[in-house]
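Have a look at the structure below before the remarks.
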Amino acid sequence: MRFRKIKRLLRDLFDFSRNRIYTGDTSVCLKDPLAKMQHCRIKLDGDSRLNLKPGVRLDHVRIQIADGSCLTIAAGTILCDVDICIWNHSSVSIGERCDIRTVRMVVENGKAEIGSDNHMSPGEKAEMPCINVSHGSIFIEDHNNLKNTIWVRFGGVLHIGRFNCINEGTELRCDDSIRIGSFNMISYNCDIWDTNTHSRYTLEEKQEMFAGTFPKIGLEKVKPKTLPVVIGDGNWIGKYACILKGTRIGNNVSVGTRAIASNMDLEDGRTLVPEKSTVL
């Protein structure tokens, strides 16, 4: 009976011939009959919840929500060619007037809060950006242009401020804490990691782990060594730069192309460049 009621409501709001919506023990809250969906596939089960606010537009979007998880999309937001998978008591909220295109988001036992007026896309020369959260949290404030990939694990917390541009090919890996301020320009193919990403194991431990998880190899059971990363406001980080664990960058700092910062402090206004090339 409950499924029939939900299905009738959805049929009234959307062109059901173009969309596929599967509901189990779920709650669907659709606030506005002007919300638009085209060629979407949505699966809700396990007491999950989907909240669509006024003026939301979904185009070629695939959403799966399970295990008491919740997705809220605020007014005026556009999602196009987006994959979202949320499970294990997770929550994702996307703020007003966001424009998210060709992005994959996976959240397991975690939380993602994306503020208003954010733009996310692959850029012109990169693969689909992925946002992966497993036992961690992401907080993104407003007016960011993000084309990068994000990995959060082991209870890590990633915070991104306002009016940042992070370009394609750049990867944020957070197993502890990464905090990026506001008004930063982060170039292409940069690595910002607060973690070694892998722990050290004996050969026997590796043999057992790899055989047990094959064809997936390298899955971590133990949290690697980590140190927080802090990036202040108004910084420029050049192409192929690496900002590694324990690094603290102040305000108005320039990090040159291919420079590496590891467990160091860069005070306000400083410039970091790689070592001078040598002719042999």
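Residue count for segment 85-104 satisfying the condition of being closer than 18 Å to Pro54 by Cβ and among the aliphatic types (A, V, I, L, M): 2.
Inspection of segment 185-203 finds a residue satisfying the criterion of being of a type outside the set (Asp, Glu), more than 30 Å from Glu141 (Cβ to Cβ) and in contact with a helix residue (DSSP H, G or I) (Cβ under 8 Å, 6 or more places away or on another chain). Look at segment 155-173: where a residue is in the same structural domain as Asn235 (by TED's automatic domain parsing) and under 25 Å from Pro224 (Cα atoms) and a partner is surrounded by fewer than 20 Cβ atoms within 10 Å (Cβ to Cβ) and basic (Lys, Arg), sitting 6+ places away or on another chain with Cβ atoms under 6 Å, you get His159/Arg179.
Residue by residue, here is whether (1) in a strand (DSSP E or B); (2) in contact with a strand residue (DSSP E or B) (Cβ under 9 Å, 6 or more places away or on another chain); (3) of a type in the set (Phe, Trp, Tyr); (4) without any contact (Cβ under 8 Å) to a residue 60 or more places away in the chain holds:
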site	(1), (2), (3), (4)
Cys85	yes, yes, no, yes
Ser93	yes, yes, no, yes
Arg97	no, yes, no, yes
Met105	yes, yes, no, yes
Ala112	yes, yes, no, yes
Asp117	no, yes, no, yes
Lys125	no, no, no, yes
Ile131	yes, yes, no, yes
His143	no, yes, no, yes
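Specify which of the listed residues (Val133, Val107) is assigned by TED's automatic domain parsing to the domain that holds Leu219 and closer than 24 Å to Arg49 by Cβ.
Numbers: Val107 fails: assigned by TED's automatic domain parsing to the domain that holds Leu219.
Every option except Val133 fails the conditions.
The residue of segment 64-109 that is surrounded by the most Cβ atoms within 10 Å (Cβ to Cβ), among those that are more than 16 Å from the chain's Cα centre (by Cα) and among the small types (Gly, Ala, Ser), is Ser69.
The values are calculated or read from the model by the stated rules, or taken from the named source; none is laboratory data. None of the values given here were measured: they were computed from a predicted structure. All Cβ positions, glycine included, derive from the backbone under ideal geometry; neighbour counts span all protein chains shown.
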